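**Q** First the structure, then my questions, so here it is.
All of the numbers you see were taken from the coordinates with simple rules; none came from a lab. As the structure is a computational prediction, the values presented were derived from the model and not from experiment. Cβ coordinates were reconstructed from backbone atoms using ideal geometry, including for glycine residues, and neighbour counts include every protein chain displayed.
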Ligand SMILES: C[S@@+](CC[C@H](N)C(=O)[O-])C[C@H]1O[C@@H](n2cnc3c(N)ncnc32)[C@H](O)[C@@H]1O
C-alpha cells in the first residue's frame, strides 16, 4: 500500500463511510452466522462494526505491523472480546476446511498480486467456508482514478466479465455482482 492508501484506509472518514454506507449496502439479505472471517482487515475500518454484527470475528491481515496494531486495538475495545486478529495470506489461509459461516473482503482483491493469486484466494475462501456459507466482497474497478491512487502500490483490478466464471470454478455458486458509483459488490455462496 502507498502512503495515500494507508492514510485513507486509516482515516475516520473511511471508517464512517464503511459503517454508514458500505456495510449497509453489502450485508442486507446475508446472514454472517456465528463465525465471520474478515480478509485484508487493514486498520480495521470495518472490524469493530462487524464485531457488533457477528458473534465471532476472525480478522486476517497480511501486513505484520497492521495486524499487530489492529490486534492491540481489538484487545482494548470494550466488549469486543469476540475479535481475533491473525497475520496471514488470503491466498493460503491458515484454517481447516469448513471453519467459517461467512467471509468478507473489503478492498482486498485488487491487492492480490496476480489473477492467479486471486483465484487461489477464491479457492481458499470456498474451502474454509461451511457449505451454504456466504462470501461478500467490495472492490473497485479498473478506472484511471484508481490507477493513479495506486501508484507505487498493487492494483490488479478484478475483471467483472470473467469474475463469475472464476468464482464458480473455485466452488462458489449463486453469484451476484453489482456496481454503484465508486465500486462493486460480490455475493456468492459456498456450494452446499
Ligand atoms: C486497501 S486495504 C483495505 C483494508 C480494509 N479492508 C479497509 O477497508 O480499510 C487492503 C489490505 O489488504 C491487505 N492485503 C494485501 N494482500 C493481502 C493478502 N495476500 N492477504 C491478506 N491481506 C492482504 C493489505 O495489507 C491491506 O491492509
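**Q** Residue 164 versus residue 181, label points 7 Å from Cα toward the beta carbon: distance in nm?
**A** Taking the two extended label points, one gets 2.7 nm.
**Q** Arranged by the count of other C-beta atoms within 10 angstrom, fewest first, what order do 151, 140 take?
**A** Lowest to highest Cβ neighbour count: 151, 140.
**Q** Let me ask something else about it. By count of other Cβ within 10 Å, fewest leading, how are 128, 57 ordered?
**A** Values: 128 22, 57 28.
Fewest-to-most Cβ neighbours within 10 Å comes out as 128, 57.
**Q** A further question follows. If packing is taken as the average number of other Cβ atoms within 10 Å across a peptide's residues, how do 88-96, 183-191 rank, most packed first?
**A** Ranked by mean Cβ neighbours within 10 Å, highest first: 183-191, 88-96.
**Q** Could you give the radius of gyration (one decimal) and Dmax (whole number) of the Cα atoms in the range 89-175, in Å?
**A** 13.2, 39
**Q** How are the alpha carbon pair distances in the chain distributed across 10 Å bins from zero to the largest one, expressed in percent?
**A** It works out to 9, 39, 40, 11, 0, in whole percents.
**Q** Tell me the mean residue ellipticity at 222 nm calculated for the chain from its helices only (DSSP H runs of n ≥ 4, each -39500 (n - 2.57), averaged over every residue, nearest 500). Before the final figure, lay out each step's value.
**A** On the way: 8 runs with 68 residues, N = 192.
That comes out to -10000 deg cm²/dmol.
**Q** Still on this structure: Can you say what percent of the DSSP beta bridges in the chain, counting only those with both residues inside, are antiparallel? Round to 5.
**A** 40 percent
**Q** Another question about this same structure. By count of other Cβ within 10 Å, fewest leading, how are 61, 124 ordered?
**A** So the ranking, lowest neighbour count to highest, is 124, 61.
**Q** Which FRET efficiency, nearest 0.05, do residue 149 and residue 82 yield, Cβ-Cβ r, R0 30 Å?
**A** 0.35
**Q** Work out how much length residue 63 to residue 31 would gain on full extension: take 0.36 nm times their residue separation and subtract the Cα-Cα distance, in nm to one decimal.
**A** Full extension from residue 63 to residue 31 adds 8.7 nm.
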